[in-house]
Amino acid sequence: MIRARDLTKYYGPRLAIDHLTFETRKGEIVGFLGPNGAGKTTTMRILTGYMPPSEGDAWIADYHVVDDSLEVRRRVGYLPENIALYDDMTVWDYLAFMGQLRGVPNLEQRIAEVLERVNLVDRAESFIGSLSRGMRQRVGLAQAILHQPQVLILDEPTIGLDPAQRVEVRELIREIGQEHTVMLSTHILSEAQDLCDRVLIINQGRILAEDTPEELELRLRGAQRVRLQVGGEAGAAGLQPILSRLPGVLRVEAVDDQHLEVELAPDAAPSTRPALAQAVLDAGYTLHEMCTASLSLEDIFLQLIREEAASGPAPDAAATPTANEEA
Amino acid sequence: MRAIWIIARREFRRYFTSPVGYLVLFLYLFILGLIVNNSLQQAYAFSLFQGAPPPNSDIIIGPMLTLLVFSIPALTMRLLAGEQAAGTLELLLTAPVRDWELIVGKWLGAFLFVLVLLALTLIYPLALHLLIEPGLDWGPVISGYLGLLLVSAALLALGVAISAMFRNQVAAFAVTLAVFLFLWMVSSLAGAGNPSEGVLRYLDFGNHFYNAFFRGVIDLQGIVYYLSVTAFGLLVGTVIIESRRWRG
């Protein structure tokens, strides 16, 4: 459905995306995961026909994004990051305007359907300027699905929403994903895990990994980390040499006076954790808390970047079959 | 082509849902009214003491060009600069609309508004017609209004192009006005014997109006001039939007 080959974009001398190659299938929800400035928005803007790439090609439903830009734009629904809407129009008038531009048949009926879908029927006559952040986002989604596009491109669809609205929008995307191919970007790992069939991890304009969320998690679960909060006059750093000697412990790091992070070997015995606790007590400290340090997106990046650095310039073929062809 | 009409209609309506449209309409008609009133009083005074001929449509059509030069930048400043500042341009540029259709649509919307504005000013010639004996000579009125329409088309196209260059509406307004004033005064730069005199006089949009349409002459050279400027402005606007895509 979406195909990109060696997609590259320079802003002046700055390289925003660097030879991206990927493909998505029909009816798939693909997540584009990466920190701010990774190149997600740039890639999406190229795919929507907003701007041409500096090098490389991309196709949507077999139409080239530059050569057949209008055909691509007819087939894509787009929700830009922080969507900008005309505040001086009502929801209905805005959707009517966008629908007319896109030549939607039976427009009135379709607008009514879409409003129902995004749960905005009672705000149809409200001015967009008077809507809350979450409602604006839903107007944006309504606009994106109005013409029943084959491909839906959503740039940070849940950014700036409160938790309840976020759940709502995710639910909506999941529903929409049953009929459309969806590509969405996010910097929230759990969101990608929750919604996506497949995740592309992107950093500094390059794809670092491409996998299902489950496999990605498995790969990253290699090392387990435990976070300890301890009390004692000597400070947490005093425990470092003691805990390092325990079997199954790879590394101990004192975060501050009270907190330690302990990295366990992937094959550490289940008894390692009780042993840690006992060692803390035996050393004359008090143990206040012990929990699994969850892997944040940042950790995943650090790990992937470390892996990349370790594997040198050669492609890490097993992990990223399509991403690093040019590395 | 359908897209042009959709965009034009929306832009036209927007002038009536924002203060700018009403402000321009009100100020234009009000200031024109003041000027016409003043001219009438003068003409009345002269006619009492010197038996001068009654005033003609010049006192109305003369100042209308000047007022357009100051009004049109206010009408065009928002057209693309506003979309760029708000970020709404992104969705327009990802809709199945060609860049030139967007530019022409914006221009047409503004042109329709100026049509309404000019139609409303017709109350002044009608009033004058009733005031004087034996009534107004309608020839110069018709050619004058035709000239004003052509001038408006050209100035609006330049305004749209300049609006495409900016994100800031105030900057777009100031630059548009500066360009208009330059094109208005340009023939005064031409001293006698200056080799570029002919070119400078040709560029002056006031010349084509005051030397022909204003005097009741429908001048082909003037029509060609105004239509060329219109096409030039729309082309420049399109090129700017296209280049904006490349720069991202």
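The values are calculated or read from the model by the stated rules, or taken from the named source; none is laboratory data. Not measured: the values here are computed from a predicted model. Cβ: placed from backbone, ideal geometry, glycine included. Neighbour counts: every protein chain shown. In case anyone asks, the SASA skips ligands and DNA or RNA and just uses the protein heavy atoms, side chains included. Shrake-Rupley method; radii C 1.70, N 1.55, O 1.52, S 1.80 Å.
Below, the figures for the structure above:
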{"quantity": "Subset of segment A:70-84 (residues that are within 7 Å of chain B (Cβ to nearest Cβ) and surrounded by fewer than 22 Cβ atoms within 10 Å (Cβ to Cβ))", "calculated": "A:Leu70, A:Arg74, A:Ala84"}
{"quantity": "Verdict on A:Arg102 being away from chain B (no Cβ under 14 Å) and open to solvent by 20 Å² or more (accessible area, probe 1.4 Å)", "calculated": "no"}
{"quantity": "Qualifying residue in segment B:70-79 (condition: under 16 Å from the mean Cα position of the chain (by Cα), surrounded by 14 or more Cβ atoms within 10 Å (Cβ to Cβ), under 26 Å from B:Leu177 (Cα atoms) and within 14 Å of chain A (Cβ to nearest Cβ))", "calculated": "yes"}
{"quantity": "B:Gly33 small (Gly, Ala, Ser) and farther than 26 Å from B:Ile162 by Cβ", "calculated": "yes"}
{"quantity": "Verdict on A:Arg110 being within 30 Å of B:Met1 (Cβ to Cβ), assigned to a helix (DSSP H, G or I), open to solvent by less than 60 Å² (accessible area, probe 1.4 Å) and basic (Lys, Arg)", "calculated": "yes"}
{"quantity": "Breaking point among (1) loosely packed, with under 15 Cβ neighbours inside 10 Å; (2) within 14 Å of chain A (Cβ to nearest Cβ), for B:Ser47", "calculated": "(2)"}
{"quantity": "Which numbered condition A:Val182 fails, given (1) out of contact with any Leu (no Cβ under 8 Å at 6 or more places or on another chain); (2) away from chain B (no Cβ under 14 Å); (3) under 21 Å from B:Leu93 (Cα atoms)", "calculated": "(1)"}
{"quantity": "Residue in segment B:190-202 that is β-branched (Val, Ile, Thr) and open to solvent by less than 10 Å² (accessible area, probe 1.4 Å) present", "calculated": "no"}
{"quantity": "Leading residue by the ranking (farthest from A:Gln303 (Cα to Cα)) among those in segment A:227-281 that are in contact (Cβ under 8 Å) with a residue 24 or more places away in the chain and of a type in the set (D, E, K, R)", "calculated": "A:Arg273"}
{"quantity": "Whichever residue in segment A:86-95 is open to solvent by less than 10 Å² (accessible area, probe 1.4 Å) and among the aliphatic types (A, V, I, L, M) and, among such residues, is nearest to the other protein chains (Cβ to nearest Cβ)", "calculated": "A:Leu95"}
{"quantity": "Sole residue being open to solvent by 10 Å² or more (accessible area, probe 1.4 Å) and part of a strand (DSSP E or B), chosen from A:Leu152, A:Leu208, A:Leu184, A:Leu172", "calculated": "A:Leu208"}
{"quantity": "Qualifying residue in segment A:214-221 (condition: within 30 Å of A:Leu276 (Cβ to Cβ), of a type in the set (Lys, Arg) and without any contact (Cβ under 8 Å) to a residue 12 or more places away in the chain)", "calculated": "no"}
{"quantity": "Residue check for B:Val170: of a type in the set (A, V, I, L, M, F, W, C), surrounded by fewer than 22 Cβ atoms within 10 Å (Cβ to Cβ), out of contact with any helix residue (DSSP H, G or I) (no Cβ under 9 Å at 6 or more places or on another chain) and more than 14 Å from chain A (Cβ to nearest Cβ)", "calculated": "no"}
{"quantity": "Number of positions in segment A:36-59 that are closer than 18 Å to B:Gly87 by Cβ and within 12 Å of another protein chain (Cβ to nearest Cβ)", "calculated": "9"}
{"quantity": "Helices (runs of 4 or more DSSP H) enclosed by segment B:50-157 - at least 3 residues per element that are under 17 Å from B:Ala172 (Cα atoms) and in contact with a Gly (Cβ under 7 Å, 6 or more places away or on another chain)", "calculated": "B:58-86"}
{"quantity": "Leading residue by the ranking (nearest to the chain's Cα centre (by Cα)) among those in segment A:256-291 that are in a loop (DSSP other than H, G, I, E, B) and surrounded by 13 or more Cβ atoms within 10 Å (Cβ to Cβ)", "calculated": "A:Ala265"}
{"quantity": "Inter-residue pairs, beta-carbon under 7 Å, first over 17 Å from A:Val114 (Cα atoms) and within 13 Å of chain B (Cβ to nearest Cβ) and in segment A:138-161, second modelled with pLDDT under 90 and open to solvent by 10 Å² or more (accessible area, probe 1.4 Å), 6+ apart", "calculated": "A:Asp155/A:Glu81"}
{"quantity": "Meets criteria (in contact with a helix residue (DSSP H, G or I) (Cβ under 7 Å, 6 or more places away or on another chain), buried (at least 21 other Cβ atoms within 10 Å of the Cβ) and modelled with pLDDT of 95 or more) for A:Val118", "calculated": "no"}
{"quantity": "Some residue of segment B:90-101 being aliphatic (A, V, I, L, M) and either open to solvent by 30 Å² or more (accessible area, probe 1.4 Å) or under 25 Å from B:Leu23 (Cα atoms) (or both)", "calculated": "no"}
{"quantity": "Odd one out for B:Gly62 among (1) small (Gly, Ala, Ser); (2) more than 14 Å from chain A (Cβ to nearest Cβ); (3) under 30 Å from A:Asn82 (Cα atoms)", "calculated": "(3)"}
{"quantity": "Candidate set: segment A:9-32, residues that are within 13 Å of chain B (Cβ to nearest Cβ) and under 20 Å from the mean Cα position of the chain (by Cα); chosen: the one surrounded by the fewest Cβ atoms within 10 Å (Cβ to Cβ)", "calculated": "A:Ala16"}
{"quantity": "Residue in segment A:61-68 that is modelled with pLDDT of 90 or more, facing chain B (nearest Cβ under 9 Å), closer than 27 Å to A:Asp194 by Cβ and assigned to a loop (DSSP other than H, G, I, E, B) present", "calculated": "no"}
{"quantity": "Any hit, segment B:147-160, residues being surrounded by fewer than 21 Cβ atoms within 10 Å (Cβ to Cβ) and modelled with pLDDT of 95 or more", "calculated": "yes"}
{"quantity": "Some residue of segment A:33-56 being at pLDDT below 95, open to solvent by less than 10 Å² (accessible area, probe 1.4 Å) and assigned to a strand (DSSP E or B)", "calculated": "yes"}
{"quantity": "Members of segment B:1-44 found to be free of Cβ contacts under 8 Å to residues at least 60 places away in the same chain, part of a helix (DSSP H, G or I), among the hydroxyl-bearing types (Ser, Thr, Tyr) and within 14 Å of chain A (Cβ to nearest Cβ), listed by number", "calculated": "B:Tyr22"}
